[in-house]
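S.K.: Here's a structure for you.
The values are calculated or read from the model by the stated rules, or taken from the named source; none is laboratory data. Here the structure is a predicted model, which means the values were calculated and not measured. Every residue, glycine among them, receives a Cβ derived from its backbone with ideal geometry; neighbour counts consider all protein chains shown. In case anyone asks, the SASA skips ligands and DNA or RNA and just uses the protein heavy atoms, side chains included. Shrake-Rupley method; radii C 1.70, N 1.55, O 1.52, S 1.80 Å.
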Amino acid sequence: MAYLARLSLSSHDKSKIVPSRHGQPPQPPSNRPKYHPVGVEAGCPAVGGARTDQPSQTYMASAAMLLAQVRACSLCAEHLPLGARPVLQLHSSARILIAGQAPGRKVHDSGVPFNDASGDRLRNWLGLSNEQFYNPKQVAILPMGFCYPGTGRSGDLPPRSECAPTWRAGLLAQLRMLRLTLVIGQYAIAYHLPHESGSLTEIVSNWRRYGPNVLPLPHPSPRNNIWLARNPWFEQELVPVLRQRVSVALQGDGT
């Protein structure tokens with residue numbers, strides 16, 4: 001059975017939603033990026049998981065085929081300064097989903113997700129070794145944009161808007177054994193927590209409201225050093241919870 005890949009709203013939260021036209025799902029009153037919704041019709045598991053004990057052979061084959069198609073994608077190549085090189089990690093057995101932003105220049109060059117200073121910090125937050133982190137049967141890594149978008153005045157540009165509507169629903173539908181979803185940065189939050197309208201700091205600081213299977217996180221980039229210094233509660237309070245949930249999610253994974 002497929003479930004919504006979004007968190008449900010309380011009656012209090014629903015009062016904040018602005019109705020939309022033409023039968024589309026309501027959108028939050030937010031300036032954050034908007035993405036196409038992922039719903040029951042897309043066959044997506046719930047955020048955090050609608051899992052079975054083992055993925056079927058059909059789903060495993062489907063995931064492999066879809067992954068090959070994504071890696072061959074050149075949909076927005078003409079808009080990319082270094083051309084298309086989709087970087088992601090996927091297996092239908094994955095217990096943890098890391099929903100991030102987009103690859104940086106170093107990741108583009110290597111083709112390895114989070115193979116940079118951001119990845120070093122993220123693995124430290126998670127309490128995972130490189131071997132664990134790069135095991136696709138344990139960890140799926142699906143940024144909102146799969147290719148390096150280039151840089152602007154204040155850092156990397158946003159993920160290309162073509163990517164998520166084209167690929168994300170199908171990829172999420174393969175992840176039928178998820179136990180934990182980590183939503184990193186404003187672009188992933190806009191997609192996976194679409195009814196949240198606060199700032200990233202507000203959303204991350206309210207992490208308890210999302211239940212045991214979802215955690216919103218700031219981006220681990222060195223560019224966020226100032227944010228981390230201003231918000232010491234994150235590493236003091238939330239990172240220990242994050243590590244504990246990661247450990248529980250990977251227990252008995254059979255790898």
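S.K.: Amide H of T181 versus every other amide H placed in the peptide plane: which residues, excluding those fewer than 5 positions away on the same chain, fall under 5 Å?
M.R.: G48, L97, V214, L215
S.K.: Using the Karplus curve 6.51 cos²θ - 1.76 cosθ + 1.60 with θ = phi - 60°, work out ³J(HN,Hα) for each residue of region 99-113 in order, rounded to whole Hz, and write x for Gly and Pro.
M.R.: The phi angles translate into 9, x, 9, 6, x, x, 4, 5, 5, 4, 5, 8, x, 10, x Hz.
S.K.: Counting only heavy atoms of the protein chains, get the accessible area per residue of region 122-192 (1.4 Å probe) and round it to a whole Å² value.
M.R.: 33 Å²
S.K.: What list of ³J(HN,Hα) values in whole Hz, one per residue of region 162-173 in order, does the Karplus curve 6.51 cos²θ - 1.76 cosθ + 1.60 (θ = phi - 60°) give from phi, with Gly and Pro shown as x?
M.R.: 6, 5, 4, x, 7, 10, 5, 4, x, 5, 4, 5
S.K.: Could you please state, rounded to a whole Å, how far the C-alpha centre of region 106-127 is from the C-alpha centre of region 155-228?
M.R.: About 16 Å separates the Cα centre of region 106-127 from the one of region 155-228.
S.K.: Using modelled backbone amide H atoms (1.01 Å from N, in-plane), which distant-in-sequence or interchain residues come within less than 5 Å of I141's amide H?
M.R.: So I141 has HN proximity to Q89, L90, I98.
S.K.: Also: Dividing the convex hull volume of the alpha carbon atoms of region 78-217 by its residue count, what do you get in Å³ per residue?
M.R.: Expressed per residue, the convex hull around the Cα atoms of region 78-217 is 116 Å³.
S.K.: Output wanted: per-residue J couplings in Hz (rounded whole) for region 230-246, from phi through Karplus 6.51 cos²θ - 1.76 cosθ + 1.60, θ = phi - 60°, x for Gly and Pro.
M.R.: Rounded to whole hertz, the list is 7, 10, x, 4, 4, 6, 7, 9, 8, 4, x, 5, 4, 4, 5, 5, 4.
S.K.: Still on this structure, I have one more. Which one, P158, G198, T181, projects farthest toward the positive side of the charge dipole computed for region 131-210 from Cβ point charges (K/R +1, D/E -1)?
M.R.: Most positive-ward Cα: T181.
S.K.: With viscosity set to 1.306 mPa s and temperature to 10 °C, compute the Stokes-Einstein D of region 62-112, Rh being the Kirkwood radius across alpha carbon pairs; µm²/s, no decimals.
M.R.: Estimated via Stokes-Einstein, D reaches 129 µm²/s.
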